[in-house]
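Just below is one structure, and these are the notes that go with it.
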Amino acid sequence: MIKYTEEKKFTQEQVQKLFLSVGWTSGNYPKRLYKALMNSSTVFTAWDEEELVGLIRVLDDTEMLAQIHYVLVHPDHQGKGIAGTMLEHVKEKYKDFMYIDVMPEDKKNVPFYEKHEFSVMENGAAIQICNYENRQ
């Protein structure tokens, strides 16, 4: 049975293992990743007993905008509704905010978010500067 929590009770090693299981580069920077998660506005996690199997991170401005970063589920647990359940927890927590934004890692994930009532921004574009190659 999967249990969900907003408590940041995960370890650096558990987080690194989860991120590396899905091939995300941030897993190669465990200290920075752990610090970033601990300083994030909200982190919902999913647990199978003592194993961290899912995580969703949110950054917010306390009033108007919540941005979802990192929605991931260990490959052995994908397809069981874990990501959707975590996303619904986020939607409930931030229901009084004006906006909840998400930038999917891959366009193939857009239907998942649309299923959970998100809409593609008609006039928006995702842009970023990627500095991770230069920093450890």
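Taken together, the values in this text are just the output of simple stated rules run on the coordinates, not laboratory data. Note that the structure is a prediction, hence the values are computed from the model and not measured. We place every Cβ from the backbone using ideal geometry, glycine too, and count neighbours over all the protein chains shown.
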Restricting to the chain, what percent of DSSP beta bridges are antiparallel, rounded to 5?
80
Computed over the chain: relative contact order in percent, which uses C-alpha pairs under 8 Å that are six or more apart:
19
Point-to-point label distance, residue 98-residue 120, nm (Cα→Cβ direction, 7 Å offset)
2.5
Additional length obtainable on full extension of the chain from residue 50 to residue 35, 0.36 nm per residue less Cα span
3.3 nm
Spatial extent of the chain: Rg and Dmax, with the Cα atoms as the point set, Å:
14.7, 43
Between residue 24 and residue 80, how high is the FRET efficiency from 1/(1 + (r/R0)^6) when r is the Cβ-Cβ distance and R₀ = 30 Å? Nearest 0.05.
0.95
³J(HN,Hα), Karplus 6.51/-1.76/1.60, whole Hz, each residue of the stretch 40-54, x for Gly, Pro
6, 4, 9, 9, 9, 10, 10, 10, 10, 6, 9, 9, 6, 10, x
For a Förster distance of 30 Å, can you work out the FRET efficiency between the beta-carbons of residue 2 and residue 64, rounded to the nearest 0.05?
0.45
